[in-house]
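Q: Below you'll find the structure I mean.
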Amino acid sequence: MITRREFVAAAGVGALGGAPGLSGAGRPAPRDRDPWAGAQAAADRLDPWIELDARAFQSNLEFLAARTERPILAVVKCNGYGLDHRIVGPLLDSAPEVWGFAVVTAEEAVQLRDSGVRKPVLLMGDFTRSAEPELAERDITLAVYTVDAPGRLEAMARRTGKAINVHLYIDTGFHRLGMDYREAEPWVEALARSNAVAITGTMTELTQSHDFDKEQIARFTEFTRAIRRKGIELGPLHASASDGIINHPEGRFDMIRPGNLLYGVPASAADDDEAASVQVVYRMKTRVIRVVQLQKGETLGYDQAFAPDRETDVAIIKCGRTDGYVYRTLGRGSHALINGYPYPLVSAINSSHCYADLGKNHGVERLDVVTMIGPEKGIRPQDLAAMNQGLGRYEGFNLSARVPRYVV
């Protein structure tokens, strides 16, 4: 099991802001060109920051490994679900439970390698011809699903001088990406015959519709059995993302592919009890920048939205929608933790500020630490989403790239 020391050592990348730009053919720009790199330590910040909890990642890996007894293909797509794949990847790279990593853009795949990730990196999205040399150089595994894949990979191998590792991406009914399972046998046979290709895995994608997922799993099982009867090696099979891991043990096959569960958010409210052991792996923090005293009859905010019927104090908090706190409607029970104690949020979430009703005799002062999102019940992404009609439980990962990330 990965230790805290190993996590912290892997986190030597330090604090990072937004994803770097590209210099040359897909390489990350030097860190000193990124205006958000080298951000001040959290102790000196007035503006929001994000803390990634190494122990929570470890705990979630333990849960997934114990639950499934399968190796983990860790999904770090979409900037590591908002937490920065360049930090998350190195953190998890030494964990024995982790087989490898999955992303959806060539840029992310290359950046994982450049951040120090050594385990397999699977690119689950398409790529341009100009990206091929970088992908081959970095030993990126490609999820292939287009009709022209056999010829395209032959040409890529000739250009780069390297055989290409691939996972076959089979569409069993999702109809987003993948080669249709009803038409895929001759396509797979062509890839298997090619000296330019090494098939190192085979995958499908489930819809998270319970009964249809069972049908998809049956289709994938039948298809892969038929291919293997032809003597073709398919590598490890994988189908289950977070919802499937909880609800479809028969679909775990040889490897699991968690995204949301890895970060501590079950795929749906129906999964919450079954996945109660996972922990949200980050805290979004900021500071109180002012404490305002309101007399009875005074108001605060745009449209005088907060009009208390008593004398009270209000904390002005430096955090808003543009930082990634997207919960615009404050439902009953919405609160933030100030010095670890819950205070109700009032008025509305602005682009750069929000407000907490402190009451009197609270002890809150300017520069006290505020936790807006975290693993504590009531401020988890799933809790906040439940209070905001129309927002999904993953909205809490839509964190601004300009907010620095730190590993703790």
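The values are calculated or read from the model by the stated rules, or taken from the named source; none is laboratory data. On a predicted model such as this, the values are computed, not experimentally measured, just so you know. Here the Cβ is made from the backbone with ideal geometry for all residues, glycine too, and neighbour counts use every protein chain on show. Remember, those area values only see protein heavy atoms, side chains included, never the ligands or the DNA or RNA. Shrake-Rupley method; radii C 1.70, N 1.55, O 1.52, S 1.80 Å.
Q: Considering VAL117, VAL75, which residue is touching a Gly at 6+ places or on another chain (Cβ under 6 Å) and within 24 Å of VAL326 (Cβ to Cβ)?
A: VAL75
Q: Taking only segment 218-254 into account, find how many residues are assigned to a helix (DSSP H, G or I), over 20 Å from ALA192 (Cα atoms) and open to solvent by 10 Å² or more (accessible area, probe 1.4 Å).
A: 7
Q: Tell me which residues, restricted to segment 262-286, are open to solvent by less than 30 Å² (accessible area, probe 1.4 Å), at pLDDT 90 or above and either among the small types (Gly, Ala, Ser) or closer than 30 Å to ARG45 by Cβ (or both).
A: Correct list: LEU262, TYR263, GLY264, VAL265, VAL278, VAL280, VAL281, TYR282, MET284, THR286.
Q: Going by what's in this entry, would ALA190 be described as surrounded by fewer than 23 Cβ atoms within 10 Å (Cβ to Cβ) and either part of a strand (DSSP E or B) or on the phi > 0 side of the Ramachandran plot (or both)?
A: Answer is no for this residue.
Q: Can you tell me which residue is least open to solvent (accessible area, probe 1.4 Å) among those in segment 291-342 that are assigned to a strand (DSSP E or B) and either on the phi > 0 side of the Ramachandran plot or hydroxyl-bearing (Ser, Thr, Tyr) (or both)?
A: Here the residue is THR312.
Q: Still on this model: Quick one: SER347 ticks every box in (1) at pLDDT 95 or above; (2) touching a Cys at 6+ places or on another chain (Cβ under 8 Å); (3) not β-branched (Val, Ile, Thr) except a single one, so which number is it?
A: For SER347, the failing item is (1).
Q: Can THR200 be described as open to solvent by 10 Å² or more (accessible area, probe 1.4 Å), in a strand (DSSP E or B) and in contact (Cβ under 8 Å) with a residue 24 or more places away in the chain?
A: yes
Q: Now for a different question. So, in segment 361-381, how many residues would count as being assigned to a loop (DSSP other than H, G, I, E, B) and either open to solvent by 20 Å² or more (accessible area, probe 1.4 Å) or under 18 Å from ARG310 (Cα atoms) (or both)?
A: 11
Q: So which residues in segment 85-130 are small (Gly, Ala, Ser), in a helix (DSSP H, G or I) and buried (at least 20 other Cβ atoms within 10 Å of the Cβ)?
A: Within segment 85-130, GLY89, ALA106, ALA109 meet the criteria.
Q: Further question on the same structure: Of the residues LEU384, LEU358, which single one is aliphatic (A, V, I, L, M) and either assigned to a loop (DSSP other than H, G, I, E, B) or in contact with an Asp or Glu (Cβ under 6 Å, 6 or more places away or on another chain) (or both)?
A: Criteria check complete, one pass: LEU358.
Q: All but one of (1) in a strand (DSSP E or B); (2) farther than 22 Å from ALA196 by Cα; (3) over 14 Å from the mean Cα position of the chain (by Cα) hold for LEU73; state the number of the condition that does not hold.
A: (3)
Q: How many of the residues in segment 256-274 are assigned to a loop (DSSP other than H, G, I, E, B), over 20 Å from LYS77 (Cβ atoms) and touching a residue at least 60 places away in the same chain (Cβ under 8 Å)?
A: Summing the residues that are assigned to a loop (DSSP other than H, G, I, E, B), over 20 Å from LYS77 (Cβ atoms) and touching a residue at least 60 places away in the same chain (Cβ under 8 Å) in segment 256-274 gives 1.
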